[in-house]
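Below is one structure, written out as structure tokens, with a few remarks after it.
Values quoted throughout were computed directly from the atomic coordinates according to the rules given, and no laboratory measurement underlies them. Values in this document were obtained by computation on a predicted structure and should not be read as measured data. Ideal geometry is used to build each Cβ from the backbone, glycine not excepted, and the neighbour counts take in all protein chains shown.
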Amino acid sequence: GRGGVPSTTRIARVSDTPRPPTTPPPLTVAASLVAVQGLVLMALAVAEIADLDADRRAMGLSTAGVFAAYGVLLLVAAWGLRRQAGWSRGPALITQLIWLGLAWNIRDHVLAAVAVAAAALVVLAGILHRDSIEALTGDPAEE
């Protein structure tokens, strides 16, 4: 303070401000790929609507609705993974198992099957990484 009087005001230092925990890189990669999967499903919903036939309007609209809803779910799950919300792990993990099954079903289209399987495996590895488990559960992974 001035004139030898102690100052009662304190300047906050950067280290004094609470910081949200940083997301582990494997979890960030997994969240990013889950978001891409959600966007792919949203694009499939749009493509399904664009290709509607009068003969199969109800089927096309319901398929588009399922794709859109699942895409939104994955986008929300990706957001949750990025924010380290434990609830987001379940939908993301189940989706990867579905995508691995999808990759097997489209194995005649090798490039597409490999891309789908690779994305699913990278997401699984990212979510099941020790640092990701710790971030999502708040508990240190048991060794």
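For the pair A85 and A43, what calculated FRET efficiency results from E = 1/(1 + (r/R0)^6), where r is the Cβ-Cβ distance and R0 = 35 Å, to the nearest 0.05?
0.85
Return the distance in nm (one decimal) between the two label points of a simple spin-label model at N105 and R56, each offset 7 Å from Cα along Cα→Cβ.
1.4
For region 39-143, which trypsin sites (Lys or Arg not before Pro) are both in a DSSP coil and crowded by at most 16 other Cβ atoms within 10 Å?
R56, R83, R107
So if we plug the beta-carbon distance of I94 and T137 into 1/(1 + (r/R0)^6) with R0 = 22 Å, what FRET efficiency do we get, rounded to 0.05?
My answer for the efficiency is 0.80.
Report the net charge of residues surrounding A31, where surrounding means a beta-carbon distance below 15 angstrom and charges are Lys +1, Arg +1, Asp -1, Glu -1.
Summing Lys/Arg as +1 and Asp/Glu as -1 gives +2.
Please say if region 55-143 is rounded, prolate or oblate, where rounded means a/c under 1.5 for a ≥ b ≥ c the square roots of the C-alpha gyration tensor eigenvalues, and otherwise the choice is prolate for a/b larger than b/c and oblate otherwise?
Verdict is oblate for region 55-143.
Contour minus end-to-end for A113 and V36, with contour as 0.36 nm per residue of separation and end-to-end as the Cα-Cα distance?
Gain on stretching A113 to V36: 26.1 nm.
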